[in-house]
Amino acid sequence: MTKELFSIIAFSAVFLLTAGSCGHRQGPPKKLEVSTIVVSADTLARLSDAIQCHVHVDFTCLKERKYAAVNDSLLRMGLLQPDYLSISYGPLSPKTVIPSFVRQYIRDYMEMARLIRQKEKGRSQLLGELSIKTELRAAADHYVTAVSHIAINNGNGRLTKYTIARNFDLKDGHRVTLSEHFGKDAGEKLTEKIIERLSKREDIEDNDIERLQSKGYFVGITPYPSDNFILTDDSTVFIYTPGEISRKEVSVAVEN
């Protein structure tokens with residue numbers, strides 16, 4: 001049996017900016033000057049007592065019709081995972097895409113679950129869950145930051161949580177990259193700042209990369225600034241998802 005709830009909840013909101021996990025203080029939150037809505041979908045699909053999938057999505061987008069192209073861009077930024085939409089064709093609307101995304105995920109999950117059950121001769125219990133909640137925050141300059149909070153359980157009993165952040169221009173919806181905001185040669189300077197903040201967190205002197213790696217950061221890889229980041233007027237928060245540079249999600253706030 002499949003139960004699906006689809007709703008649109010209109011609201012205007014002010015969100016608190018995430019404080020940097022390295023102890024960096026941010027200024028008062030800026031007000032998001034545009035109205036937003038949340039497009040929600042909640043579906044529980046059940047093949048048997050052993051195979052079930054529950055998906056809940058709250059996707060925040062812009063309310064006014066003039067922002068249709070911006071909302072289309074938001075849907076292609078990977079805020080929804082798995083990312084079915086980044087290379088899709090034709091205009092996208094949250095009202096139609098969100099329930100379609102949920103159905104696609106459930107189809108894929110059920111197919112995977114059936115294959116696992118066949119391989120393990122029915123011994124597995126696969127109770128999958130996916131929760132996605134996005135929000136929009138006023139960012140640096142005239143930009144807006146979209147933050148997606150994702151929690152997923154593939155049915156193995158382990159819940160994985162991670163965060164995706166995308167900054168975009170409210171005028172046309174294009175995603176703002178590090179090189180666009182900081183310049184093409186900013187990578188080295190940003191990396192130095194990230195190393196410095198992590199070193200202070202771990203009480204490491206002289207920004208010793210080898211000692212930092214011994215603490216579980218950037219093991220076997222060259223340090224770099226993540227393209228998963230939140231822009232504010234006074235700082236940038238870099239977010240590394242679990243397994244990217246450490247076993248856990250790591251956030252590093254550096255001054256601009």
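The values are calculated or read from the model by the stated rules, or taken from the named source; none is laboratory data. All values derive from a computational prediction rather than experimental measurement. Neighbour counts run over all protein chains shown; Cβ positions are idealised from the backbone, glycine included. Keep in mind that these areas ignore ligands, DNA and RNA; they rest on the heavy atoms of the full protein, side chains included. Shrake-Rupley method; radii C 1.70, N 1.55, O 1.52, S 1.80 Å.
Just one of Tyr109, Tyr105 is hydroxyl-bearing (Ser, Thr, Tyr), under 30 Å from Thr36 (Cα atoms) and not in a loop (DSSP other than H, G, I, E, B); which is it? Don't jump to the end; show me each part of the working.
Details: Tyr109 fails: under 30 Å from Thr36 (Cα atoms).
On inspection, the qualifying residue turns out to be Tyr105.
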Identify the single condition in (1) part of a helix (DSSP H, G or I); (2) open to solvent by 80 Å² or more (accessible area, probe 1.4 Å); (3) over 26 Å from Ser148 (Cα atoms) that Ser199 does not satisfy, given that it satisfies every other one. (2)
It is to be established whether one or more residues within segment 181-189 are surrounded by 13 or more Cβ atoms within 10 Å (Cβ to Cβ) and in a strand (DSSP E or B). no
Which one of these does Gly27 not meet: (1) of a type outside the set (Lys, Arg); (2) at pLDDT 95 or above; (3) out of contact with any strand residue (DSSP E or B) (no Cβ under 8 Å at 6 or more places or on another chain)? (2)
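When you look at Asp58, is it closer than 30 Å to Ile116 by Cβ, assigned to a strand (DSSP E or B), within 19 Å of the chain's Cα centre (by Cα) and charged (D, E, K, R), yes or no? Steps first, please.
Values: closer than 30 Å to Ile116 by Cβ: yes; assigned to a strand (DSSP E or B): yes; within 19 Å of the chain's Cα centre (by Cα): yes; charged (D, E, K, R): yes.
The answer is yes for Asp58.
Give the residue, chosen from Arg158, Arg175, that is in contact with a Lys or Arg (Cβ under 8 Å, 6 or more places away or on another chain) and open to solvent by 50 Å² or more (accessible area, probe 1.4 Å).
On the way: Arg158 fails: in contact with a Lys or Arg (Cβ under 8 Å, 6 or more places away or on another chain).
From the options Arg158, Arg175, the qualifying one is Arg175.
Looking at Leu62, Leu75, Leu92, Leu80, which one is open to solvent by less than 20 Å² (accessible area, probe 1.4 Å) and free of Cβ contacts under 8 Å to residues at least 60 places away in the same chain? Break it down stepwise before answering.
On the way: Leu62 fails: free of Cβ contacts under 8 Å to residues at least 60 places away in the same chain; Leu92 fails: open to solvent by less than 20 Å² (accessible area, probe 1.4 Å); Leu80 fails: free of Cβ contacts under 8 Å to residues at least 60 places away in the same chain.
Of Leu62, Leu75, Leu92, Leu80, the one residue that is open to solvent by less than 20 Å² (accessible area, probe 1.4 Å) and free of Cβ contacts under 8 Å to residues at least 60 places away in the same chain is Leu75.
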Test for His142: is it at pLDDT 90 or above and surrounded by fewer than 17 Cβ atoms within 10 Å (Cβ to Cβ): no
Output the number of residues of segment 129-138 satisfying the condition of being crowded, with 22+ Cβ neighbours inside 10 Å and either under 12 Å from the mean Cα position of the chain (by Cα) or over 21 Å from Leu75 (Cα atoms) (or both). 2
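I'm trying to understand the selection: among the residues of segment 231-243, which are open to solvent by 10 Å² or more (accessible area, probe 1.4 Å) and under 14 Å from the mean Cα position of the chain (by Cα)? Outline the logic, then answer.
The initial filter retains those residues of segment 231-243 that are open to solvent by 10 Å² or more (accessible area, probe 1.4 Å), namely 233-234, 241-243.
Within segment 231-243, Thr241, Pro242 meet the criteria.
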